[in-house]
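The values are calculated or read from the model by the stated rules, or taken from the named source; none is laboratory data. Not measured: the values here are computed from a predicted model. Heads up, the Cβs are rebuilt from the backbone with ideal geometry, glycines too, and the neighbour counts pull from every protein chain shown. What goes into the accessible areas is simple: the full protein's heavy atoms, side chains included, and nothing from ligands, DNA or RNA. Shrake-Rupley method; radii C 1.70, N 1.55, O 1.52, S 1.80 Å.
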Amino acid sequence: GALIDADTGAMLDPLDPALWRQRGWGLADPDELPVLRTLLPDLDDDARRAAAVQHQERLLHRAARLHDVLDRPAQAPDGTTLYLVAGDAVDTPRALAVDGDGRLRPAGTGPGDGTVLRSSALLDERLDGRWSAHLRSPIRWRQVTFLFSDHLGLTTDPAFTDNVLYLLLEDPR
């Protein structure tokens, strides 16, 4: 649900090559022809555009395969301990709405750090509509710490330094 149709509210697949062609995004943007002429000087405009759109389709399919692989369950290696430090006090865009002209605008916000949603940082699987009181994530977090910082400010927050130094130097694991 990160990309929705502004008119209907329907969820759209951001990795669908047809959507990119229909909306004129990326290499399918007609305004990109001067760039394509530089990149593919030996082709005529129609062949240039076809080659660019075909390349974009391959890249989108490759991205979809990467998402599929990242969604496969996996176990952390023995001895690996996973900690998360994230922000969750800044309104963060939850979705983008695309209008008929292909323009994107933020559509709703949620807790995060202004760039990454809290639910994304946690890899929270409760967003499938089956909410529960306890986090459902494929990652077995040993500890989660939330700070009142934005994305770039997280690592400069004194609470970040204090907590990481404790984990590295004093935590009795």
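Per residue, the chain exposes 69 Å² of accessible surface when a 1.4 Å probe is rolled over the protein heavy atoms with every protein chain present.
Helical content of the chain, expressed as a calculated mean residue ellipticity at 222 nm, amounts to -10000 deg cm²/dmol (DSSP H runs of 4 or more residues, -39,500 (n - 2.57) each, divided by residue number, nearest 500). Between ARG140 and ARG103, the simple spin-label model (points 7 angstrom out along Cα→Cβ) gives 5.0 nm.
Rg ratio for region 30-125: its Cα radius of gyration over 2.2 N^0.38 Å, N being its residue count, equals 1.60.
For region 42-132, the relative contact order is 20 percent, taking Cα pairs closer than 8 Å that sit 6 or more residues apart in sequence and dividing their mean separation by the residue count.
The structure shown yields semi-axes √(5λ) of the Cα gyration tensor in Å, and of the options (i) 27, 20, 13; (ii) 23, 19, 15; (iii) 39, 20, 18 that calculated value carries the label (iii).
Across the chain, the relative contact order, built from alpha-carbon pairs under 8 Å that are at least six residues apart, equals 21 percent.
Amide H contacts of ILE4 (H built 1.01 Å from N, in plane; Pro and chain starts excluded): LEU12, LEU96, ALA97, VAL98 sit under 5 Å, all sequence-distant by 5 or more or on other chains.
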